[in-house]
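K.L.:
Please find one structure pasted underneath; my questions will follow.
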Amino acid sequence: MMKNIAVILSGCGVYDGTEINEAVLTYLHLENNGFIYKTFAPNKTQHHVIDHMKGVELQETRNVLTESARIVRGNIQDLAELNHSDFDGIVVVGGFGVAKNISDIAFKGGEFKIDSNIQEVLNSFTNRPALYMCIAPVVASKIYKTAKITIGNCVDTAAIVTANNCDHIECDQYNCVVDVENKLVTTPAFMRAENVSQANIGIEKAIKCFKDIF
């Protein structure tokens, strides 16, 4: 029986939203592994807008859901409409949107909080298979009481994970960490990957491991 997966995005563009390459690779490998999926994003104003060429903040506002829709050709729903009972598992794609729009890790570090509405959704999947990639595993460290998690090898970011009573496992961009007990898979993706080819290998492996824990 094909499994139905909820995919969570956080905008469009690595510096203020979803890492687009990670999203595309996620959809590719979900399809290649026989998953059905639907995409969701929070319907809220994103923290700020970054010019991805110049790396500077722009004086404009954008909506996280509207921006995320660019990646999936408009085939997306408001996260508030996600009924967890309709899905067998969840995937949270990386990018700074996770640290700026889904949570405030980018600004508060270890004192970060997750948007309460988003946390409620993520909490509802703790008894089902979940895959968090890139910076998103830091969010997972506040969703699970204890877990084996990787964000790659960034010492400062790993320290946030361990401060939340989770075990950080160093991992390269080609691999993932599987916490069988929690049905949780994490992978560094572009926290360590230097190009799309490297990210592809790690995400492909993570989704295969994700499939194996069902």
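K.L.:
State yes or no: is E170 within 23 Å of S10 (Cα to Cα), part of a loop (DSSP other than H, G, I, E, B) and open to solvent by 70 Å² or more (accessible area, probe 1.4 Å)?
P.N.:
On the way: within 23 Å of S10 (Cα to Cα): no; part of a loop (DSSP other than H, G, I, E, B): yes; open to solvent by 70 Å² or more (accessible area, probe 1.4 Å): yes.
No: the conditions fail for E170.
K.L.:
Shifting gears a bit: Mind checking whether some residue in the stretch 40-53 is open to solvent by 40 Å² or more (accessible area, probe 1.4 Å), within 14 Å of I118 (Cα to Cα) and touching an Asp or Glu at 6+ places or on another chain (Cβ under 7 Å)?
P.N.:
Yes, the stretch 40-53 contains a residue that is open to solvent by 40 Å² or more (accessible area, probe 1.4 Å), within 14 Å of I118 (Cα to Cα) and touching an Asp or Glu at 6+ places or on another chain (Cβ under 7 Å).
K.L.:
Would you say T162 is open to solvent by less than 20 Å² (accessible area, probe 1.4 Å) and not in a loop (DSSP other than H, G, I, E, B)? Steps first, please.
P.N.:
Numbers: open to solvent by less than 20 Å² (accessible area, probe 1.4 Å): no; not in a loop (DSSP other than H, G, I, E, B): yes.
No, not satisfied.
K.L.:
Also, quick follow-up: Whether any residue in the stretch 99-110 is part of a loop (DSSP other than H, G, I, E, B), buried (at least 19 other Cβ atoms within 10 Å of the Cβ) and touching a strand residue (DSSP E or B) at 6+ places or on another chain (Cβ under 8 Å) is what I want to check. Step through it out loud before you land on a result.
P.N.:
Taking the stretch 99-110 and keeping what is part of a loop (DSSP other than H, G, I, E, B), we get 104.
Keeping just the survivors that are buried (at least 19 other Cβ atoms within 10 Å of the Cβ) gives none.
So far as the stretch 99-110 goes, no, none of its residues is part of a loop (DSSP other than H, G, I, E, B), buried (at least 19 other Cβ atoms within 10 Å of the Cβ) and touching a strand residue (DSSP E or B) at 6+ places or on another chain (Cβ under 8 Å).
K.L.:
Here's something else I'd like to know. Among the candidates L184, L131, which residue alone is over 18 Å from N21 (Cα atoms), of a type in the set (A, V, I, L, M, F, W, C) and in contact with a helix residue (DSSP H, G or I) (Cβ under 7 Å, 6 or more places away or on another chain)?
P.N.:
Selected residue: L184, the only one of L184, L131 that is over 18 Å from N21 (Cα atoms), of a type in the set (A, V, I, L, M, F, W, C) and in contact with a helix residue (DSSP H, G or I) (Cβ under 7 Å, 6 or more places away or on another chain).
The rows are residues; the columns are (1) in contact with a Lys or Arg (Cβ under 8 Å, 6 or more places away or on another chain); (2) at pLDDT 95 or above; (3) not hydrophobic (A, V, I, L, M, F, W, C).
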{"residue": "K100", "(1), (2), (3)": "no, yes, yes"}
{"residue": "E120", "(1), (2), (3)": "no, yes, yes"}
{"residue": "Y132", "(1), (2), (3)": "no, yes, yes"}
{"residue": "P137", "(1), (2), (3)": "no, yes, yes"}
{"residue": "T146", "(1), (2), (3)": "no, yes, yes"}
{"residue": "I160", "(1), (2), (3)": "no, yes, no"}
{"residue": "Q173", "(1), (2), (3)": "yes, yes, yes"}
{"residue": "M191", "(1), (2), (3)": "no, yes, no"}
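K.L.:
Filter the stretch 193-214 for residues that are open to solvent by 70 Å² or more (accessible area, probe 1.4 Å) and either touching an Asp or Glu at 6+ places or on another chain (Cβ under 8 Å) or of a type in the set (F, W, Y) (or both) and give the result.
P.N.:
F214
K.L.:
Among what's in the stretch 132-154 and is touching a Leu at 6+ places or on another chain (Cβ under 8 Å) and not aromatic (F, W, Y), pick the residue that is surrounded by the fewest Cβ atoms within 10 Å (Cβ to Cβ). Explain how you work it out, then say what you get.
P.N.:
Taking the stretch 132-154 as the starting set, the residues that turn out to be touching a Leu at 6+ places or on another chain (Cβ under 8 Å) are 132, 139-140, 143-144, 147-149.
Then drop every residue that is not not aromatic (F, W, Y), which leaves 139-140, 143, 147-149.
Values: V139: 24, A140: 25, I143: 23, A147: 25, K148: 18, I149: 26.
Among residues in the stretch 132-154 that are touching a Leu at 6+ places or on another chain (Cβ under 8 Å) and not aromatic (F, W, Y), the one surrounded by the fewest Cβ atoms within 10 Å (Cβ to Cβ) is K148.
K.L.:
Being closer than 21 Å to D115 by Cβ, assigned to a loop (DSSP other than H, G, I, E, B) and either within 22 Å of the chain's Cα centre (by Cα) or of a type in the set (G, A, S) (or both) is the filter here, so list the residues in the stretch 54-65 that pass it.
P.N.:
If the condition is that a residue be closer than 21 Å to D115 by Cβ, assigned to a loop (DSSP other than H, G, I, E, B) and either within 22 Å of the chain's Cα centre (by Cα) or of a type in the set (G, A, S) (or both), then R62 is the only one that fits.
K.L.:
Being touching a helix residue (DSSP H, G or I) at 6+ places or on another chain (Cβ under 7 Å) and more than 25 Å from G109 (Cβ to Cβ) is the requirement here; does V196 meet it?
P.N.:
Working: touching a helix residue (DSSP H, G or I) at 6+ places or on another chain (Cβ under 7 Å): yes; more than 25 Å from G109 (Cβ to Cβ): yes.
Yes, satisfied.
K.L.:
Pairs please, first residue from the stretch 196-209 and farther than 11 Å from T26 by Cα and in a helix (DSSP H, G or I), second anywhere and at pLDDT 95 or above and among the aliphatic types (A, V, I, L, M), Cβ atoms under 7 Å, 6+ apart in sequence or on different chains.
P.N.:
C209/V178; C209/V185
K.L.:
Within the stretch 72-81, how many residues turn out to be among the aliphatic types (A, V, I, L, M) and either free of Cβ contacts under 8 Å to residues at least 12 places away in the same chain or surrounded by 24 or more Cβ atoms within 10 Å (Cβ to Cβ) (or both)? Outline the logic, then answer.
P.N.:
We begin by selecting, within the stretch 72-81, every residue among the aliphatic types (A, V, I, L, M); these are 72, 76, 79-80.
Filter once more, so that each one left must be either free of Cβ contacts under 8 Å to residues at least 12 places away in the same chain or surrounded by 24 or more Cβ atoms within 10 Å (Cβ to Cβ) (or both): 79.
Qualifying residue count, the stretch 72-81: 1.
K.L.:
With the requirement that a residue be open to solvent by 10 Å² or more (accessible area, probe 1.4 Å), free of Cβ contacts under 8 Å to residues at least 60 places away in the same chain and in contact with an Asp or Glu (Cβ under 9 Å, 6 or more places away or on another chain), what does the stretch 111-131 give you?
P.N.:
Scanning the stretch 111-131 gives E111, K113, I114, R128.
The values are calculated or read from the model by the stated rules, or taken from the named source; none is laboratory data. In this text the structure is predicted, and so the values were computed from the model without any measurement. Because the Cβ atoms are built from the backbone with ideal geometry, glycine has one as well, and the counts that use them run over all protein chains shown. With ligands, DNA and RNA removed, areas are computed over all heavy atoms of the protein, side chains included. Shrake-Rupley method; radii C 1.70, N 1.55, O 1.52, S 1.80 Å.
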